[in-house]
Amino acid sequence: MGATTMDRMTRLLLAALVGFGSAHSAAESVTVVSWGGSYADACEEAYLKPFAAETGIEVLLDDYNGGLSQVRSQVEAGRVYWDIVDIQFPDLVRGCDEGLFEVLDTSLLAQGADGSAPEDDFYPDMISECGIAMLFFSTVVAYNHERTTGEVPRTIQDFFDLERFPGRRGMRRTPLANLEFALMADGVPASEVYAVLDTGEGIDRAFRKLDTIKDQLVWWDAGAQPPQMLADGEVVMTTAYNGRIFNAQVLENQPFTIVWHGQVLEISNLAILSGSPNLSAARRLIAYASRPSSMAGVSRYIAYSPSRRSAEGLVSHHLSTGVPMASHMPNAPENTKLALRSDWVWWADNGDDMNERFGSWLLR
C-alpha cells in the first residue's frame, strides 16, 4: 500500500442504498482514489462502505501510485473525474500551493471521541489548508527470515551492506525516504538528516550512498509489490510500507520481519480535487472518514496509526485475527525511538528538484 486498476474498477459500487432519504438518491456518487491492495481494502471496510450505507451516496474507488501528475492533468485540463485523493503530505502541500485542491472546510470535522474539539484531538499539523491527515504510516525495511541464515539485518546500515548481507534489494522508485535511508546508513543521525539534505554536499552524499547498492536494486511502484518480492525470493530485503508487511504476516502467514531502525514515519491525507464534480458528496465523505471511529476502523484492519488522539483508544486488536495492534503501530513508543519523521516542509520545497535529479540518476 495488490489489486490493479482494472481489478479495482470491477468492485466500484459499494452498496448505494436507494431508500436512504430523498435528498440523496442513488445517482449521487463520489470517486475516491487510493493506493490499492490491503490498504484500500481496509478503507473500504472501515469507512467507505459504511458511508455509502448511511448516506445512499455510491462510492467509486480507483487506484494510483501517488504523486501529482494525474491530479495536475485533470485540473489543468478542466476535466476532473476524481473527487478525493489519498495523498502524501509533501504532494498535498505542493498541490495546495498550485491550486489543485479545494480548501478544507474545517467546520465539518467531528469532535473527538472524548468530546474534545477537533483542533485539540488531532495531533499537531494534521489539519492543513487543503486536506486532513488520516493516519501515520512508515516506510521500513523488511526481510524474509525463512530465507535468511546466520546473522539477520537489524539496522538501516545493514540494508546497504552488500558484503555481510549479499543479494538484491527492493526500493520504491522515488527519492522520498530513499535519500533519508541513504544518509542514515552513511552515519548521519536521524536528527540531522534534513540539515544535511539542505546542502548540495549532503544531497551528493545521499546519492553516492545509493550508488553503492544501485546495481543490486529492484524498483517497486505499488505497495503490494514488496511483500510479493520477498515471498518470491526476488530480493533479500526491501523497503516497504509497514502495514503491507503486517498484513502479509497475519493474514497470509508470511515469514517476514520488520526492521524498525531507521523507519521513515509519514502521513497520509485526504484532499478534494479543485473542480470536483461532486463537491458536496466529497465534503460529506471527508467529514465521515475523519471521525475518530472511522480512523480507528482502518487501524483494526491494517497497522497504520490514527492521526487523532481519541481514535487511538478505540483500537485494540486486529479485527479478523485478534492480534494485538499496539506493538505493530508505526508510532508506538518502541518504534518511534528508532524513527525519522519525514519533513514534509522540506519535501514540499524540494520535491520537484529531487524528483528531477532522481530521474536523471536512474538513467545513468
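The values are calculated or read from the model by the stated rules, or taken from the named source; none is laboratory data. This is a predicted model, so every value here is computed, not measured. Neighbour counts are summed over all protein chains in view; Cβ atoms, including those assigned to glycine, are modelled from backbone coordinates with ideal geometry. These accessible areas exclude ligands, DNA and RNA; they are computed on the full protein's heavy atoms, side chains included. Shrake-Rupley method; radii C 1.70, N 1.55, O 1.52, S 1.80 Å.
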Check your understanding: Is at least one residue of region 124-139 charged (D, E, K, R) and either more than 24 Å from Pro306 (Cα to Cα) or surrounded by 19 or more Cβ atoms within 10 Å (Cβ to Cβ) (or both)?
Key -> no
Review point. So Glu45 fits all but one of (1) at pLDDT 95 or above; (2) crowded, with 21+ Cβ neighbours inside 10 Å; (3) closer than 30 Å to Leu251 by Cα; what number is the exception?
Key: (2)
**Study point:** Segments classed as helices (runs of 4 or more DSSP H), wholly inside region 23-82, with at least 2 members that are small (Gly, Ala, Ser) and touching a Lys or Arg at 6+ places or on another chain (Cβ under 8 Å)
**Key:** 37-43
**Study point:** Failed item, numbered, when Pro175 is tested on (1) open to solvent by 10 Å² or more (accessible area, probe 1.4 Å); (2) part of a loop (DSSP other than H, G, I, E, B)
**Key:** (1)
**Study point:** Close pairs from region 48-62: first open to solvent by 10 Å² or more (accessible area, probe 1.4 Å), partner part of a loop (DSSP other than H, G, I, E, B) and modelled with pLDDT of 95 or more, Cβ under 9 Å, at least 6 apart
**Key:** Leu60/Asp83; Asp62/Trp82
Exercise for review: Output the number of the condition that Val152 fails; it satisfies all remaining conditions of (1) exposed (fewer than 14 other Cβ atoms within 10 Å of the Cβ); (2) assigned to a helix (DSSP H, G or I); (3) modelled with pLDDT of 95 or more.
Suggested key: (2)
